[in-house]
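Inspection log for the structure reproduced underneath, given as structure tokens.
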Amino acid sequence: MTLFDVRKRYLEFFSDKVRKHAIIPSASLVPENDPTTLFTGSGMQPLVPYLLGTPHPLGKRVVNSQKSFRAEDIDEVGDNRHTTFFEMLGNWSFGDYWKQEQLPWFFEFLTKEIKLDADRLYVTVFSGGEGVARDDEAIGIWQKLFTKKKITAKYAQMNTEEEAGEKGMGKDDRIFGYGVKKNWWSRAGVPSNMPAGEPGGPDSEVFYDFDPSGKMHDQKFGKHCHPNCDCGRFLEIGNSVFMEYKKKEDGTFEKLAQRNVDFGGGLERITAASNNDPDVFKIDALWAIVEQIAKVSHKTYESDERSFRIIADHMRAVAFFIADGILPNNSGREYVLRKLIRRAVRY
Ligand code: SER
């Protein structure tokens, strides 16, 4: 599928008669009224006031595809899956539906609309920590969804990536519990980094398995493979955050006035999964840039994948920066733009 098809299907799926979400446009890469980051790096950022209780003019359910940039991933670009710029598909419940709707809907979207094989999907949930209990409700929902597809879905408590690497995956393990580092989401990351007033909560991620044979695993990433392993076998394609907490001044958590769903899905990665190719640079939107680089450099992608990927990613980001009014200079966002151009030139 193309990037355009996946985006269109997602927006249509969530705005249909069953799910009734209002489609909203992407906000700018330059955050408005949000000094916490230089760039919009997730779909939730422009929507924080509504997550904290301000009524959204279009109601309690909205859906979008948000332009996002994550400078922190810049050194990871060059492998088959990391990009600095991406589009984040998002569906939002502002104090409306909850886990019982969100997880089945996303599963249906992936298996029916994108036609991914359910057997290639693995999920993670919050295993508990920082005074918040393990997400047994999400575990139960996932077990039912996999059982309907005749897939045995055992729960495996991993806690940390290190433990998971030691333990490995049992034959029928399908739902994996990890702690705050992997299955808790807030703009600031883990609970201890959250400032007072910040919303966050446990999440549940879906991974696509590009290599059911397991041969892709490299022991340099840990003894055994598991969904959060960095060997490239599993790719995270979507994250449902159950945002129901707010950090208090004293460091503990209180419940938000409303329970929210903040879903974020990697548009480029879901497109790569739809094509069953773990190289996100092979999707149409990035491949067009790769072809252009090949044309002007008289080199092939295969001869230097890393450089092709860095140039393609950075040039795409640069185009979106400029379209959002950022121009190269020597500080802040403008410096990041200059750095992207400089890195692309170097490669
Ligand atoms: N806020 C979550 C994320 O960025 C889900 O949208 O992953």
Given the residues TRP142, TRP105, which is the only one that is surrounded by fewer than 22 Cβ atoms within 10 Å (Cβ to Cβ) and not basic (Lys, Arg)? TRP105
Select, from SER65, SER127, the only residue that is touching a strand residue (DSSP E or B) at 6+ places or on another chain (Cβ under 6 Å), hydroxyl-bearing (Ser, Thr, Tyr) and either closer than 21 Å to LEU3 by Cα or at pLDDT below 95 (or both). SER65
Which numbered condition VAL62 fails, given (1) within 15 Å of the ligand (Cβ to nearest atom); (2) farther than 30 Å from ASP211 by Cα; (3) in contact (Cβ under 8 Å) with a residue 24 or more places away in the chain; (4) open to solvent by 10 Å² or more (accessible area, probe 1.4 Å): (4)
With respect to PHE94, is the statement that it is at pLDDT 95 or above and within 16 Å of the chain's Cα centre (by Cα) true? no
Some residue of the range 150-158 being open to solvent by less than 70 Å² (accessible area, probe 1.4 Å) and on the phi > 0 side of the Ramachandran plot: no
More than 18 Å from LEU267 (Cβ to Cβ), in contact (Cβ under 8 Å) with a residue 12 or more places away in the chain and either within 14 Å of the ligand (Cβ to nearest atom) or open to solvent by 10 Å² or more (accessible area, probe 1.4 Å) (or both), is that true of LYS67? no
Anything in the range 228-279 that is within 16 Å of the ligand (Cβ to nearest atom) and in a loop (DSSP other than H, G, I, E, B)? List them, or say none. ASN228
I'd like to check something: does the range 270-279 contain any residue that is open to solvent by 20 Å² or more (accessible area, probe 1.4 Å) and closer than 24 Å to GLN45 by Cβ? no
May I ask you to verify whether GLY200 is within 16 Å of the ligand (Cβ to nearest atom) and more than 22 Å from HIS82 (Cβ to Cβ)? yes
Residues satisfying the stated conditions in the range 1-28, i.e. among the β-branched types (Val, Ile, Thr), surrounded by fewer than 18 Cβ atoms within 10 Å (Cβ to Cβ) and outside any loop (DSSP other than H, G, I, E, B): ILE23
Take LEU116 and tell me if it is touching a Ser or Thr at 6+ places or on another chain (Cβ under 9 Å), surrounded by fewer than 23 Cβ atoms within 10 Å (Cβ to Cβ) and in contact (Cβ under 8 Å) with a residue 40 or more places away in the chain. yes
Would you be able to say whether some residue in the range 88-101 is of a type in the set (Lys, Arg), in contact with a helix residue (DSSP H, G or I) (Cβ under 7 Å, 6 or more places away or on another chain) and touching a residue at least 40 places away in the same chain (Cβ under 8 Å)? yes
Here's a check for you: in the range 29-56, which residue that is more than 14 Å from the ligand (Cβ to nearest atom) and more than 26 Å from ALA319 (Cα to Cα) is most open to solvent (accessible area, probe 1.4 Å)? PRO55
When you check ASP172 against the structure, is it under 27 Å from ASP277 (Cα atoms) and either over 22 Å from the mean Cα position of the chain (by Cα) or open to solvent by 10 Å² or more (accessible area, probe 1.4 Å) (or both), yes or no? yes
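The values are calculated or read from the model by the stated rules, or taken from the named source; none is laboratory data. Keep in mind that this is a model prediction, so the values were computed, not measured. Don't worry about glycine lacking a Cβ; one is built from the backbone with ideal geometry, like all the others, and counts go over all protein chains shown. We work out accessible area using only protein heavy atoms, side chains counted, and drop any ligands, DNA or RNA first. Shrake-Rupley method; radii C 1.70, N 1.55, O 1.52, S 1.80 Å.
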